[in-house]
Structure formats: C-alpha cells, structure tokens
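Take a look at the structure below.
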Amino acid sequence: MWQVSTASQINVSKIGIAGMGFPSAEYQAYYVFGDNKKLTNEEAIAATAEGKPLRVIYQPEIEHPKAHFSKVAVAYIVDFFSTTLKGGKETLPAADQIWPWKQFFTGLVLAGFFLFIIPFAFLMLEIPYFKTIIKPEPTAPSIVTTTKDKLIYWIIFVICLLPAPLLYNWTVGYPIGIKSWGRFVPTVFPLSNSFQLPVVNGVVLLMLIVGAILLIAFILTYFIFMKKNGVTIDNLGVKLCGADIGKSALLALIVFLATYFLLVISNFFFLSDARFWVFSIKTLTPIKFFILLKYLPFFLFFYLINILLLNSFTRIRGAGEWTNIPLMVIANVAGLAVLTILDYIWLFKTGVKLLPYVPFPPKTTSALAGILLWNLLFILPIAAITGRLFFRKTGSIWLGGFVNGLIVTLFAISNTVISAGSI
C-alpha cells in the first residue's frame, strides 16, 4: 500500500515523503511539516501553539491487525492529540487505558452469541413438531483399523486440506470497493449491483470452488473405498423425508432469529455489538437483510457439504468425540492456518510476507487478504464443532448445515470493513 517492499522503508516512500515534507524522517519523532529538524516534546508543543503543522510517523513493532488491540498504538494516538490539542497537559498518562475492559465484555457477548445456538436448538427439538427431525446417528463410514486404512485415510485427509490455501489469495484478491473515493480494485469475483460486498464475493468464490472439489473427492472416495467396506447412503446422514428437511429449515430460521435477537438486545440496552479484536457480529441495516438473502444460498451450499464430509469421512468409526471433534476442526482450518503461519513467520523474519502478492491483478498486495483470513480461522472451527453436535443430535446434515449457513452468512456480511462505501 505504501509502494515499498518493507514497512521499515515507509519514511522514504513517496507517500511518507509527501506526508512529512522531506525524506528519511525518524520514527516516533515530531517534526514541523517540511522541516527535518527533530523536535523535543516541549518544542513540539510550542510549534503546535504557534499553529505550525506537526507531523510524526509512529511505527510500533506490530502488524496491522494488532493495531486494533494494542495499548502501545493507542498510547501513541493519545500522546499525539495531547500534544496537538491539549498543549501537553493531558491529566492522565497515555498508558492509562481502560478500553481492554470494553473488549473483554463485548467478547463475552460474542462468546454468548455462539454458546446460545446449540442449547436453544436442542430445546426447540423437544417440541413434538420438531422432534421428528431427530434420527439415530448413522455409523461412521470411515474405518481406520489396518495400516492400509490409516494410510488411505491420511492421504485423503491431507489432499482435502490443499484446495483452500492454494486458492485463497487468488479468489479473495485485494477486495477494495469504496464509492466515495472512486476506488475499485478488480477481483476474480468483482462487486456488482447484485453482489455489493467485495470481500464476501471472494469468500463465496472460494467456498464454491473448494466445496465442489471436496464434494467430487467425497463421491470418488465413497465409490472407490467406502462401498467396499459396506457403507451405504444410510451412513451419510443425507436421507430425510421432505417434510423433515422443511422442518429443519424452519427450525434453523427460528434459531437464527432468536440468536440474532441477542444482538438486538445488546445494541438496544448497551449500544454495543458482539466483538473481540477483529471479530464482530453486528445488527443489520435494512439493506443488509436483502444482501444476506442473496449471499445465503452460497453459504448453504458449502456448509451442507462441509457437514457431510466432516461427519461421514473425517469422523472415524469407533473413535470418541475427543478424537473426532479435533479431527474435524483440523480438517476445517488446518490448510488456511498453515498458510497464515508461514506468511507470518516469513514476515517477522524478513519484513516481507512469504506471499506478498495476489495472483490477480498481478503485483497487487496480499496484505488485506492476509488480514481477512483471520475471520476464517475464527469461524471455521466453530462451524466444525456446531456441525458435529447437530449431526450427533439429529443424525443428518440438514439442521446443522442450515444453521451454520445462516450464522456464517450473518458473520460475513455484518463485519465493518467488507462494505466500506460499496453499498
């Protein structure tokens, strides 16, 4: 974004020079614009009092998402405004900050949001109308007893981890669409009047391609390996009469609306949403309800396939939940987690990401794609766990797939950054 290879070169970049009025300014040092003489704190206060434009480049040793959760970064901001607006006479020291408590309590709201889903859904399943959805959980198709079974299982497991990290940067790109600036960066799935959220478009494209690849892999695995072990369609949790599938969809909608109402209550009484660090779920503006409906089918497609694969291939026959649930979480997130870990190790080692650019458009930074990836690392493990619990309770993919589709769509479209001026 600064058009330099590393953050340490910001002070000699064109943007940095334009901001300071000269090249090679020291970081964390005050200057009058255009004057390369470093000022003491007292000189900076005096310069401000005289109406001179003050400049400073703060550069804490953190990466961008950490700036949203850094007492050091906040202290720099407080210090600057104390110097420029209050003559250096702020009564509290810059490090005296209480905002982490706000993060703690809105984090509790976020945790409560997700913890509400399963108990409420299970309570609703006790209603006679919905009780017909509950079926015995089918026996797990995956049998891992011999050395050959284990080898086949882990080969397929690892292969299924590869599509998401290999495709992620290409599908997401640099999804900027800001009407007020007239700034629109091309992406593989560009924003349009029908699909206005560039970040969500990239995630949707990723889900469609990865979901299709994994579905094909599953079908091949079923016919090549599972059927030989006596696995039938009854073991997959997809057989449910049309009425019960409809009831599953209705119950998923009720669970979604009840959970969403928690956000409404929090916003009404406390003027706060559910958030922690860069993870947030917000109440929707009217236009975003219609946007949710447009994006929902794509998320339903992926999460129905996701629950099918996790509970029929990843789940091992005879293994306990302390084995199967961690396997499902790993299956959902490990590929993208490895991508993030390698990127960050390289960043902290060299100052440059391992994958600094996205494939399309060429030579476009992958910075935003890397930041947005944190949300997938957060939501995919949760989806794996809720999908497992729903499957175990109902014996089918439908209720869990519908609930996950609705909740993750809300999570995707309500985030602050994804529609920055594009709607």
Would you mind telling me which numbered condition in (1) in contact with a helix residue (DSSP H, G or I) (Cβ under 6 Å, 6 or more places away or on another chain); (2) crowded, with 20+ Cβ neighbours inside 10 Å Thr394 fails? (1)
List every residue pair whose Cβ atoms sit under 6 Å apart, with the two residues 6 or more apart in sequence or on different chains, where the first one lies in the range 177-195 and is not assigned by TED's automatic domain parsing to the domain that holds Leu296 and the second, anywhere, is surrounded by fewer than 18 Cβ atoms within 10 Å (Cβ to Cβ). none
Of all residues in the range 142-155, how many are surrounded by 13 or more Cβ atoms within 10 Å (Cβ to Cβ) and touching a Gly at 6+ places or on another chain (Cβ under 9 Å)? 2
For Ile341, which of the numbered conditions (1) part of a helix (DSSP H, G or I); (2) modelled with pLDDT under 95; (3) out of contact with any helix residue (DSSP H, G or I) (no Cβ under 9 Å at 6 or more places or on another chain) fails to hold? (2)
Meets criteria (of a type in the set (Ser, Thr, Tyr), in a helix (DSSP H, G or I) and assigned by TED's automatic domain parsing to the domain that holds Ile216) for Thr323: yes
Here's a check for you: in the range 39-53, which residue that is of a type outside the set (Asp, Glu) and in a loop (DSSP other than H, G, I, E, B) is surrounded by the fewest Cβ atoms within 10 Å (Cβ to Cβ)? Gly51
For the range 389-417, how many residues are of a type outside the set (A, V, I, L, M, F, W, C) and outside any helix (DSSP H, G or I)? 4
Is it true that Val56 is surrounded by 13 or more Cβ atoms within 10 Å (Cβ to Cβ) and more than 24 Å from Val278 (Cα to Cα)? yes
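The values are calculated or read from the model by the stated rules, or taken from the named source; none is laboratory data. Just so we're clear, the structure is a prediction, and the values are computed from it rather than from any experiment. Counting neighbours? That spans all protein chains shown, and the Cβs are built from the backbone with ideal geometry, glycine included.
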